[in-house]
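What follows is one structure encoded as structure tokens, with my remarks underneath.
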Amino acid sequence: MKSSIFCKHGFKTNALAAAVALISHGGFAWADDTDTRGDKSGQNLEMIYVVGQATGGIDQLITLEDIEKLQANNLDDLFKVDATVSAGGPVGLGQKVYLRNVGEDALNISIDGAEVAAGIFHHSGRVLIEPELLKQVEIEAGTATATAGPGALGGAIRFTTKDPEDLLRGSENFGALLKSTYYSNGDGVKNSVSVYGRDSGGVISGLASFIHSDQDDLEDADGNLLTGTEAERQLGYLKLVANVSEEHYLSLSYEQLEEEGDIHMRPEWIGGPRNPLFPIEGSRDTFTFNYGFDSIDNELIDLSINAYRTESEQYRDEEDVWGSVETSGVTIKNKSDIGNHELIVGASYRKDDGALTYPYYSPTYPGGDTESGKVKGFFVQDIVEVTDELTLSAGLRYDDYDLTDWQDHEFSDSAVSPNISVNYELTDSLHFSAGYAEAIRGVEIVDSYRIEAYNNSPDLEAEEAHTFELGLDYYADDFHVALSAYRTTIENPFGNNYVGRSLYIVNLDEDLETDGFYLNADYQLGALTAKASLHIADTEADGEIATRYEYGSNANSIGDTLALTLDYAFNNNLSVGWTAEFVKGISEFEIDAYGEKITAKKPGYGTHDVYLKWVGLEQDRLTLSLTVKNLFDKQYLSHASTADWTGNPGYSMIKGHDEPGRDVYVTASYQF
């Protein structure tokens, strides 16, 4: 298998979602003789499953059930079950995502196909999302397949939101969901209301949701106030789905997410004289259109079209500074079943526009500017069942990048990126897989707040990545274990260089190299489900450890991580669970930061979360849950945050926020 998700012996729910994702994105999948063409609900796809730890496709799937059990309130909560993904820090605007130590700038991240292509501020994260809205999250680790989209140097993360059908119960054509959560740390409250329905023929369905949350500043485990962590967030979401016929499907959705609070100017760092509190507002507006045509009579046609427009903004009230990124794009692809081939071909186009506006300071800094970039892509991926035991996947992706920066300098990059992977069944229980993939990321727009404050080096060129991976999967009754070893290299990584007081974006001389090992295991015994995820990796450049401070959203170093989960269902109404994360410390190390030697270390930590969930009343309409985060009140700094550099002279504010102490979530929901 490509991940710890499989449909043998009772694991059908996760396998179904994995299969749907892989059919869309070009990973390995094969099925029984049941004809499911034209069925957009996916309800008849239980027998589809995926294999090959080192093959193209998703490596992990976070399902709706996982999200609900985790009571995810931010990105850090969301990825607790996967040791390869990290997002630290208690400030939502400051969380950055790292996949196998590769940062979000070098990942392809999308929400319902809408790519999140650029950030507003390099001290903030680029992914602003409300987990309450999500149905699932697909994670494709390592340099990705041709279908994953442009710039997937370290992989891809795909967020998928809920459909009306995900909330409707049985044969009901209308419903509503009321939900409220109280958070003890920060005295926070989240309330949501959703209404949804479909016509009597099941052709048209719709969903409308409104979510509002408000919390005060959090406290760490030592009782210290974490200033700058207060937040008020609200989300409005509309989705319309039409199953026009057995072959045609379309959906329209609009999402508006806003977050504001008194937040430090650099949200990822602790406060200080040079990092004051400001009223800061962040927002994301996303419109998506999806169309699918899956011909019943012609196996050569399974067409999908995704078009989107996203505008992200951030406003600092105190300085009257406003930055925005507008991204629009379209992806068209078709899947054809030709004998023992599953052939996927397609094209994509994306345009990014960044803008900065601030008060007029001087002729040198006239008060803002813009820059614009675009990338065109063409791709093909072929999955071939060579024999009953051997499956081969091979693909090519061509990307063409163009950028006009704020100084009207133009940059162009293009390249063809190949990938190939194989899966071989040594026995019915043991599978071997191997894969190699390449990708590029051309020169793109910078975060908006850097416009007019930086220069692109005249000889700046694309980053290039390649990953080689070997994997084994073993299956037994109700048990599966997958392991892999990999090396990912990013050549010509983007970085900063100061010439006098002028900042230049340059290609660094040293490659970023990550050598890693990954293990995933699942076991089910009756009502007990156990999962383990282990990731061990070293990310270095010329023998020097990669840090978030130096590489920002491109790379970081996370200590060896073990994620464990246990879930037990006493009956159909009552269930309990435990999630733990153990991160090994990184002993003191030294880096050369802009010609200056500085040192830091990353202490290890272990955290535990538990939950209790009860569903009842008529048709299980009432749900009550109790969740305790950081059960043993551990004081720690996440390895995904900026390390503690405050022991170095002149670095008194260069440290991420400590994580919150114990937090008790109490949730009640009622479905009409």
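For segment 382-423, a residue qualifies if it is open to solvent by 60 Å² or more (accessible area, probe 1.4 Å), within 21 Å of Ile338 (Cα to Cα) and part of a strand (DSSP E or B), and the qualifying residues are Glu385, Leu396, Ile420. Considered as a group, the residues in segment 590-608 that are closer than 15 Å to Pro649 by Cβ and open to solvent by 10 Å² or more (accessible area, probe 1.4 Å) include one that is modelled with the lowest pLDDT, and that residue is Tyr594.
Here Thr529, Thr489, Thr467, Thr565 are screened, and the one residue that is under 25 Å from the mean Cα position of the chain (by Cα) and buried (at least 22 other Cβ atoms within 10 Å of the Cβ) is Thr467. Count of segment 246-281 residues, restricted to those that are in a loop (DSSP other than H, G, I, E, B) and open to solvent by 50 Å² or more (accessible area, probe 1.4 Å), is 3. On the stretch given as segment 637-653, residues that are open to solvent by 30 Å² or more (accessible area, probe 1.4 Å) and of a type in the set (A, V, I, L, M, F, W, C) total 1.
If the Cβ limit is 7 Å and pairs must be 6+ apart or interchain, which residue in segment 559-586 that is under 20 Å from Asp522 (Cα atoms) and free of Cβ contacts under 8 Å to residues at least 40 places away in the same chain pairs with which residue that is open to solvent by 40 Å² or more (accessible area, probe 1.4 Å) and β-branched (Val, Ile, Thr)? From residues that are under 20 Å from Asp522 (Cα atoms) and free of Cβ contacts under 8 Å to residues at least 40 places away in the same chain, the pairs are Asp560/Ile536; Trp578/Val610. Among residues of segment 199-228 being among the acidic types (Asp, Glu) and assigned to a loop (DSSP other than H, G, I, E, B), the one that is farthest from Val241 (Cα to Cα) is Asp222.
Could you tell me which numbered condition Leu503 fails, if it satisfies all but one of (1) modelled with pLDDT under 95; (2) of a type in the set (A, V, I, L, M); (3) assigned to a loop (DSSP other than H, G, I, E, B)? Looking at each condition in turn, Leu503 falls short on (3). Applying the condition of being among the charged types (D, E, K, R) and not in a helix (DSSP H, G or I) to segment 610-625 and asking which residue is nearest to Gln671 (Cα to Cα) yields Arg621. Residues in segment 148-158 include none that are within 25 Å of Tyr254 (Cβ to Cβ) and over 27 Å from the mean Cα position of the chain (by Cα). So in segment 282-336, with the set limited to residues that are acidic (Asp, Glu) and under 30 Å from Asp217 (Cβ atoms), which one is surrounded by the most Cβ atoms within 10 Å (Cβ to Cβ)? Out of the qualifying residues, it is Glu313.
The values are calculated or read from the model by the stated rules, or taken from the named source; none is laboratory data. Source: prediction; values computed, not measured. Heads up, the Cβs are rebuilt from the backbone with ideal geometry, glycines too, and the neighbour counts pull from every protein chain shown. Accessible surface is based on the protein model in full, side chains and every heavy atom, while ligands, DNA and RNA are left aside. Shrake-Rupley method; radii C 1.70, N 1.55, O 1.52, S 1.80 Å.
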